[in-house]
Structure formats: C-alpha cells, structure tokens
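This report concerns only the one structure given below.
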Amino acid sequence: MNMEAVHMSCEIADRELDELIQKVKDSKSISRGDIETIKDLLKIIYYAKTTTAMEDAGYSRNYAYDDGYSNRRDSMGRYARDNGESAGRYTHANNGDRDHIIHGLDNMISSVKDDHMRKILEKARQEM
C-alpha cells in the first residue's frame, strides 16, 4: 500500500468533513446523504490513521523469515503454524483497510461537485 496515498486520502477526507460540517452548521439541518457522507469520511480518516499508526509502530505486511517460522497470527490472535514449510515472504491477506479507503474515495468521487477535487480524489484512488 502506498503510504503517500493513504496520507493524501486522510487529508482530503478531513478537509471534506470540515466543509460538510460547516455546511450543516450554516443550514441548521442535515440530510440522510450528509449523514452517509460524514460516515464515509470518518471511516476513511479512521482507517488511514490506523494504517499510519501501525506502519509507524513497525507493523509491516511482509514478514521476513529467518528460520522458516513466522510471527504472523491468525484471526483469533494465535500464532499461525506453517510447519517450517514457508519460504520467502508472507503477504498479509487482510486488505480491509485499503478496501474501506477505496470505497470511501469512490463515494466521495461520485458526490463531489468540484472538478479539481474530483481529479485529486481520483489520483489518490489510483495510487491505492
């Protein structure tokens, strides 16, 4: 995953959220579409910041094997077993963060009115 695209997605979503909240404050009403957009923007921000924090903490989607065993864990948090048969690199299969960010970007692209902002969002999505 391209971390630059994650940061860009978070910044764009944060700006869009600020603008939408200001719009809601000014109009003193909120539509269902606004609620859905706010929810999508918050998801993008949450997953982008979570991904960034995990990267900063040293989490990597690729584990290098020294002796054929890995430190990877299964969905229950238990150490996964590979009986020493694995070689090379293991790529973490959970792309949930990426999928949520892409879904949110797609929703933003379809709802944004400004062509310049749409191009920025499309570029961020392509980078993912």
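The values are calculated or read from the model by the stated rules, or taken from the named source; none is laboratory data. Note that the structure is predicted; figures quoted are calculated from it, not measured. Glycine gets a Cβ as well: all are built from the backbone with ideal geometry, and neighbour counts include every protein chain shown.
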Query - Residue under evaluation D115, criteria (1) over 19 Å from the mean Cα position of the chain (by Cα); (2) at pLDDT below 80, criterion not met - result: (2)
Query raised in the report: Restricting the search to the range 1-50, which residues are under 23 Å from E122 (Cβ atoms) and of a type in the set (S, T, N, Q)?
Result: N2, S9, T37
Query raised in the report: Assuming E55 fulfils every condition listed in (1) closer than 23 Å to D106 by Cβ; (2) modelled with pLDDT of 80 or more apart from one, which condition is it?
Result: (1)
Query raised in the report: In the range 79-87, is there at least one residue being loosely packed, with under 13 Cβ neighbours inside 10 Å, modelled with pLDDT of 60 or more and in contact with a strand residue (DSSP E or B) (Cβ under 7 Å, 6 or more places away or on another chain)?
Result: yes
**Report entry** Hits in the range 36-50 (condition: in contact (Cβ under 8 Å) with a residue 24 or more places away in the chain and aromatic (F, W, Y))
**Finding:** Y47
Query - Enumeration of residues in the range 1-35 that are more than 20 Å from D97 (Cβ to Cβ) and in contact (Cβ under 8 Å) with a residue 60 or more places away in the chain - result: G33
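Given the criterion surrounded by 16 or more Cβ atoms within 10 Å (Cβ to Cβ) and modelled with pLDDT of 90 or more, identify the matching residue among E11, E16, E36.
Numbers: E11 fails: surrounded by 16 or more Cβ atoms within 10 Å (Cβ to Cβ); E36 fails: surrounded by 16 or more Cβ atoms within 10 Å (Cβ to Cβ).
Checking each option against the conditions leaves just E16.
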